[in-house]
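Notes follow once the structure below has been shown.
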Amino acid sequence: MVEPLSGTGQGGKGREYQRWLRPEGGRIARRGQWVQIYVKVLDAGQRAPNVPPETQAVPLEMVVKGFLQEDQVGLGEPATVRTLADRILQGVLVAVEPRYGHDFGAPVAELLQVGPRVRRLLAGGENHAC
Amino acid sequence: MPAERSGTPGTGRGNSRPWEASQASPGRARDYAAVLARQREIILRSTGVDYAQFEGPGLAFDYERMMSATGYSLPEVQQIQGECEVGNTPLLELRQLTALARKLAPAGKGARIFLKDEACNPSGSFKARRAALSVYHARTHGYAGVVAATSGNYGAAVASQAARQGLKCIVVQETYDSRTVGQPEIIEKGRACEAYGAEVLQLTVGPELFYTFLLVLEDTGFFNASLYTPFAIAGIETLGYELAVQTRSRCGRFPDAVVVTHAGGGNVTGTARGLRKAGSTQTQVIGASVDLSGLHMASDRDFNRKSFTTGHTGFGVPFAVNPDRADVPRNAARPLRYLDRYVTVTQGEVFYATELLAQLEGLERGPAGNTSLAAAFVLAQQMDRDQIVVVNETEYTGAGKHPTAQLTFARQNGIEVRTGDPRDNVPGRCIVIPEDPAQMQVVEQDLDRIRRSYLRHVLGSRRPEELERPELEYLAEEIHTSPGRLQQLLGQLDPG
């Protein structure tokens, strides 16, 4: 039994899911692969009344990962996943084996100066007035 | 929201919970207004706490009865956390930081600085203490899983404890802006949740995350592992208790001040309650938040213009003024009851303090948890040399959750990063890293102004002179002040 979704990301006025497509991991997912799906939760303009205009102007969207349940799905097509909490969820396939892209960033010159300076201070090389 | 197609609707087994339907309710309207209208029923079923029993008289409610009737005693909490390998973290003396503070301080000033290394908890933060209790409570009350709405360390903490205790876990995060750009610190926390086996629902900016959260609770019948239940707050009491006992055993006295990073209020509340239970009643409880004034927390544009996703004034002030804006009807975290002082620091100063901790103490932690450290470094310089200030937490560091990651991201989002005077810091526009430790400062927040805002909010349309005696007693406790001072503050409210 499938409950009606409040938004599938497809149909209606929107193809908002296209902004979430990440083709790096491939354009086709097969059964059992770790994938990410997209769901539009609320349409732009249907947001809570107390949110600022820039938020009101965009939809509330969601992504979640899980194991693909269909034999084969292409990016942008409806897909079903079994999540790590063992739930079955439906949405639009936006990424296959999505990678974690976060990192430690670039060296920050403003921080690199801190250690040498305070070590000099502590060693008594500078007499510091408060 | 996606629907449960099959899976495990209503798997919370619990004959002990007569309010629970035997299965998720098919055919119930899933639109925003309909779900919000079922909020009370969903929260009741997902927490097992009937908050209505603590209400009254008038605008009051019985806070201590709520804490004792639905919470756990300190020995119970200690036992549960012991079984979960949570707590009993080391208290570290920051000798180099103390020496540096003394170099900058006037003669006779410069308190010893200690740090409670909460990063040693299983999930890398003090939030493991809250999570251990919430998950224990869920497990022993027959829930099959837990759900938490959080973009912070609490998600990983709940996921970690759920893994240990054999429950399913779902974390609902505010992660992305509408450009699909994720905040690196939150991306990392989401990764940690998945590493511990949790389903992570990652949303774009907006308070309607609560709608998704309610639907998940309703679909699954899982426990609401809210940050703000009495269980979650009782879990933090051990933190205050331990640091008081550790300080006394090591230094022969209780701390003179404890600095607590303040956001939703749980850290302040639990730590302060624990200090009192240890007998450390003279210790000043000082809240510290990162100043993010001017940035709107529900703004799709401002979301990625901040480098701190917690510990900031965007939570700290609203949760002090209106603690009951939480995901439960009565928040067990009530910071105004416990704060003796509240200060803010800038993002640049917290990054600087994070660098000091790494460079001088060999401890790579934070950054967000180092908000209290940045404040303590300044406050120590105002205190006497024989006094003791304790920073009550650290948190793990990692990819995304690191000063270089956050400052790189800030630059990518058009924020200017430079060295200079931290007073030139402008949230969302400019992060100024101090050139010199003497430039570090705290900005004192006027607690009376926050108390007046609280009173204005809680009174609503009621006039001060209409308040009954039990309501006045309640309000005096709520804002940590004497009845006489309460009357003065009430007299200062704008008429009408």
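Filtered by the rule that a residue be more than 30 Å from residue B:248 (Cβ to Cβ), open to solvent by 10 Å² or more (accessible area, probe 1.4 Å) and among the small types (Gly, Ala, Ser), the range B:34-92 gives B:34, B:37, B:48, B:52, B:56, B:58, B:69.
Checked against the criterion of being in contact with a Ser or Thr (Cβ under 8 Å, 6 or more places away or on another chain) and closer than 23 Å to residue B:74 by Cα, the candidates B:311, B:235, B:265, B:316 yield just one match: B:235. Listed by first and then second residue, the pairs with beta-carbon distance under 9 Å, at least 6 apart or on different chains, first residue in the range B:189-204 and at positive phi, second in a helix (DSSP H, G or I), are B:197/B:159; B:197/B:162; B:197/B:163.
Scan the range B:398-422 for residues that are more than 9 Å from chain A (Cβ to nearest Cβ) and touching a Ser or Thr at 6+ places or on another chain (Cβ under 8 Å) and the total you get is 3. For residue A:39, the conditions (1) more than 7 Å from chain B (Cβ to nearest Cβ); (2) under 13 Å from the mean Cα position of the chain (by Cα); (3) surrounded by 20 or more Cβ atoms within 10 Å (Cβ to Cβ) are fulfilled apart from (1). In the range B:355-364, the qualifying residues are those that are more than 7 Å from chain A (Cβ to nearest Cβ) and free of Cβ contacts under 8 Å to residues at least 40 places away in the same chain, and the one that is surrounded by the fewest Cβ atoms within 10 Å (Cβ to Cβ) is B:362.
In the set (1) surrounded by 24 or more Cβ atoms within 10 Å (Cβ to Cβ); (2) within 18 Å of residue B:77 (Cβ to Cβ), the condition left unmet by residue B:145 is number (2). Yes or no: residue B:384 open to solvent by 10 Å² or more (accessible area, probe 1.4 Å), of a type in the set (D, E, K, R) and within 30 Å of residue B:282 (Cα to Cα)? So residue B:384 fits the description; yes. Summed over the range B:178-201, residues that are out of contact with any Cys (no Cβ under 9 Å at 6 or more places or on another chain) and facing chain A (nearest Cβ under 7 Å) total 8. Please specify each residue of the range B:315-354 satisfying the condition of being basic (Lys, Arg) and open to solvent by 10 Å² or more (accessible area, probe 1.4 Å). Listed by number, the residues that qualify are B:325, B:330, B:337, B:341.
Helices (runs of 4 or more DSSP H) fully within the range B:167-283 that include at least 2 residues being modelled with pLDDT of 95 or more, open to solvent by 10 Å² or more (accessible area, probe 1.4 Å) and closer than 24 Å to residue B:45 by Cα: B:209-220. In the set A:69, A:56, only one residue is under 30 Å from residue B:144 (Cα atoms) and open to solvent by 10 Å² or more (accessible area, probe 1.4 Å); that residue is A:69.
The values are calculated or read from the model by the stated rules, or taken from the named source; none is laboratory data. Just so it is clear, the structure is predicted and the values come from calculations on it, not from any experiment. Neighbour counts are summed over all protein chains in view; Cβ atoms, including those assigned to glycine, are modelled from backbone coordinates with ideal geometry. Heavy atoms of the whole protein, side chains included, go into the accessibility calculation; ligands, DNA and RNA do not. Shrake-Rupley method; radii C 1.70, N 1.55, O 1.52, S 1.80 Å.
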